[in-house]
Amino acid sequence: MKSCVFFAIFAVFCLADTVVKVTDGDTINVVNRYGEKVRVRLHCIDAPELKQDYGKAARAALYALAFGKEAQIKVVTRDKYKRSVANIVIDGELINLKMVELGAAWAYPEYCKDDRYALAEKQARQDRLGLWALKSPIRPSDFRRAMRKK
């Protein structure tokens, strides 16, 4: 009986969420350990919109980091669109922070108080990585606001 309990605990512990879709640079879909498809927004970052400069490149960066991989999803909250907002860890690496380090996303201080993100953005800006190589990058929140006014 003990081995069965151990096996059941071990099996549950080993199951991971699998990234099955990358919607854009800060949103993925996973199939969770229960077989449910869940949309997840990456916590602490804001990536360019797909129709925005660097939007498709940001999605490609997240795709390279996450698609098809097993991920630990650590939900922080839910957003107004009912998405889980989470930290995503793949192979021991915090993917949310990696996106900022690559210059594929902004830190999102309005929703995140983790100083690592601001520091990573500052370094990516200095190194002119990713979107910081653009002449005048526009914050996704400003882009969305401008699109709503049209």
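No value in this document is a laboratory result; all are computed from the given coordinates. What you see is a predicted model; the values in this text were computed from it and never measured. Counting neighbours? That spans all protein chains shown, and the Cβs are built from the backbone with ideal geometry, glycine included.
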Original post:
To the nearest 20 debye, what charge dipole does the range 50-96 have about its Cα centre, counting +1 at the Cβ of each Lys and Arg and -1 at the Cβ of each Asp and Glu?
Top reply: 360
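Rank by packing, highest mean first: peptides 52-60, 135-143, with packing defined as the count of other Cβ atoms within 10 Å averaged across residues.
Details: 52-60: 19.9, 135-143: 13.8.
Packing order, densest peptide first, comes out as 52-60, 135-143.
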Subject >> Dipole of the range 39-150, positive end: most advanced residue of Ala66, Val100, Phe143 [Cβ charges, Cα centre] >> reply: Phe143
Subject >> All lysines inside 19 Å of Lys135 as judged from Cα atoms, apart from same-chain residues fewer than 8 positions distant >> reply: Lys51, Lys56, Lys122
**OP:** Would you mind computing, in nm to one decimal, how far apart the modelled labels at Gln123 and Ala60 are, each placed 7 Å from Cα along Cα→Cβ?
**Re:** 2.4
Original post:
Got a sec? Which residues in the range 56-84 would a label at Met147 touch, if it sits 7 Å along Cα→Cβ and we count backbone N under 20 Å?
Top reply: 56-63, 79-84
Subject >> Cβ-defined net charge surrounding Pro109, 15 Å radius [Lys, Arg +1; Asp, Glu -1] >> reply: -2
**OP:** Please give the helix 115-127 orientation as an angle from the longest Cα principal axis of the chain, in degrees from 0 to 90, rounded to the nearest 10.
**Re:** 50
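If the only charges are +1 at each Lys and Arg Cβ and -1 at each Asp and Glu Cβ, what is the size of the charge dipole of the range 2-149 around the Cα centre, to the nearest 20 debye?
Numbers: 27 positive and 18 negative charges, 118 e Å.
For the range 2-149, the charge dipole is close to 560 debye.
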